[in-house]
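Every number in this text was worked out from the coordinates using simple rules, so none of it is lab data. Remember, it's a predicted structure, so these values are computed and weren't measured experimentally. Cβ atoms come from the backbone with ideal geometry, glycine included; neighbour counts cover every protein chain shown.
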Amino acid sequence: MEDNKILIRNAAQLVTCHGDKARRGAEMSDLGVIEDGAVAISDGVITHVGPTEEVLRDIHVEDYLEIRAEKQAVLPGFVDSHTHFVFGGYREEEFSWRLRGDSYMSIMERGGGIVNTMKATRESDFDTLWNSGEERLDELFAMGVTTVEGKSGYGLDLQTELVQLRVMSDLNESHPMDVVSTFLGAHAVPPEFAGRTDDYVDYMIEEVLPAIRAEHTVTFCDVFCEKGVFSLEQSERLLRAARHHRFKLKMHADEIVPFGGAELAASLKCVSADHLLHVSDTGIQRMAKAGVVATLLPLTAFSLNEPYAPARKMIDAGCAVALASDLNPGSCFSASIPMLIALACIYMKMTPEEAVTALTINGAAAVGRASEIGSISVGKRADVILLKYPSYKFLPYHVGMNIVDTVIKNGKLYLM
Ligand code: NIG
Ligand code: FE
């Protein structure tokens, strides 16, 4: 037996989510399930996928560490394509104010919110941010997440944004989890630019974007496009500059009020537009046409006690929908993948099949990696999870409980 070879065999369900691009609309219902399935892994790569009998014919089984999964469903590792997992401090006081009726935006307008976390992050050192970031990755990993996207946006100055991004790139190297980094300098206007949002956007474009690009570890640029934060014009100006520096684009769009964010994301051909609680019908149609992944964050809607994004409408209109946690210290201090799946199915009326697609191949598409991860396909990286139960349908059914039993990341076995 060679220790770089793993065979998962006789899986009750092998949920392949096959393909190498986002699934749109009705395609999201097709999980490519193989009953009594097998997957062979060698040197971190998936080499064989199919019914167990067929795979056994093609390999020398004695070379492999065998995992018999008769009572287990096997899925691609989940991709959490929207988080803010590196931050200093907490905002538990603000949460209790919100429970008493304060709104997220009114707290932000009073100088709390993101700027509150900015202060704590500027005061934190690299190691403190790294240690708490690592703990959060451990938690996500145990719930079956094998790739996570993480955003800066709590520095709001060049130096601290760089620290956040360096923490993420360092964790990408040292933690089994893959971390895709996003620059979100336009997350809020820091106190030193108060009342001068355009000047802050200029500062981002002229000084910060080029310096971040020089790091070569950051894939995406994102912006909090929202009434009272960054306008459509300011968001567009920043994103066009980011594209010029070869960043891929994302947007926080239509989260708090209808704002035309989805329409802008479509016209700029952003990889994803995220939140979309208040997306317009036109925005939905344009995203579907432009192939923008609609990334929905039900844990945030739940935590803010706001109406959920219209997932059904988007899928029925032909959009590719992804689901992600939005883990952050303010609007959503949760990365509970089990609860996220339950909310998506129970309140957003997504089917279990659509929820699985949204967390696998569509999550991979939302981080620009659908050709490498997000499905159990020959040639893809071996990021695979085994559930404690024989069907993916247990994911929303076993509400809020982690049913991930085993994680295989890059061909390496981790028992949970
Ligand atoms: O995705 N809306 C903007 N950004 C985050 C919240 C960040 C925070 O409150 O710290 C979000 O909800
Ligand atoms: Fe967010």
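Structure data summary
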{"quantity": "Distance (nanometres) between label positions extended 7 Å along Cα→Cβ at residue 269 and residue 401", "calculated": "4.7 nm"}
{"quantity": "Distance in nm between pseudo-label sites at residue 119 and residue 391 (7 Å out along the Cβ direction from Cα)", "calculated": "5.2 nm"}
{"quantity": "Gaussian network model of the chain, Cα within-10 Å springs - most flexible of 60, 278, 245", "calculated": "60"}
{"quantity": "Normalised per residue, the volume of the convex hull around the Cα set of region 1-124 (Å³)", "calculated": "207 Å³"}
{"quantity": "Residues 348, 401, sorted so that the one with the fewest Cβ neighbours within 10 Å comes first", "calculated": "401, 348"}
{"quantity": "Cβ-derived FRET efficiency at R0 35 Å, residue 35 paired with residue 316, nearest 0.05", "calculated": "0.75"}
{"quantity": "Range of Cα positions in the chain per principal axis (Å), largest first", "calculated": "68, 43, 42"}
{"quantity": "Mean projected area (nm²) of the alpha-carbon convex hull when region 269-416 is viewed from all directions", "calculated": "9.1 nm²"}
{"quantity": "Percentage relative contact order, the chain, counting C-alpha pairs under 8 Å, at least six apart", "calculated": "22 percent"}
{"quantity": "Distance from region 84-99 to region 102-118 (C-alpha centre basis), Å", "calculated": "10 Å"}
{"quantity": "Least to most buried among 85, 394 (fewest other Cβ within 10 Å first)", "calculated": "394, 85"}
{"quantity": "Of all DSSP beta bridges in the chain, antiparallel share, percent nearest 5", "calculated": "45 percent"}
{"quantity": "Greater than 25 Å apart at Cα, pairs in 250/388; 227/248; 250/313; 21/151", "calculated": "250/388"}
{"quantity": "Residue exposure sequence - 360, 217 - by fewest surrounding Cβ within 10 Å", "calculated": "217, 360"}
{"quantity": "Percentage, to the nearest whole number, of Cα pairs in region 65-149 over 18 Å apart", "calculated": "61 percent"}
{"quantity": "Residue 54-residue 159 FRET efficiency (beta carbon distance; Förster radius 51 Å; 0.05 resolution)", "calculated": "0.35"}
{"quantity": "Shape call, region 349-416: gyration tensor on alpha carbons, a/c limit 1.5", "calculated": "oblate"}
{"quantity": "Residue 185 long-range amide H proximity, modeled H, under 5 Å", "calculated": "222"}
{"quantity": "Region 308-356 versus region 133-208: alpha-carbon centroid distance in Å", "calculated": "23 Å"}
{"quantity": "Stretch gain in nm, segment residue 415-residue 240, where the contour uses 0.36 nm per residue and the Cα spacing is subtracted", "calculated": "58.6 nm"}
{"quantity": "Two-site FRET efficiency, residue 194 against residue 3, from Cβ-Cβ distance with R₀ of 51 Å, rounded to 0.05", "calculated": "0.35"}
{"quantity": "Computed magnitude of the charge dipole of the chain (debye, nearest 20; Cβ of K, R +1, Cβ of D, E -1)", "calculated": "920 debye"}
{"quantity": "Sorted peptide list for 266-273, 127-134, criterion being average Cβ within 10 angstrom, highest first", "calculated": "266-273, 127-134"}
{"quantity": "Simple label model, 7 Å out from Cα along Cβ direction - residue 128 to residue 68, nm", "calculated": "5.2 nm"}
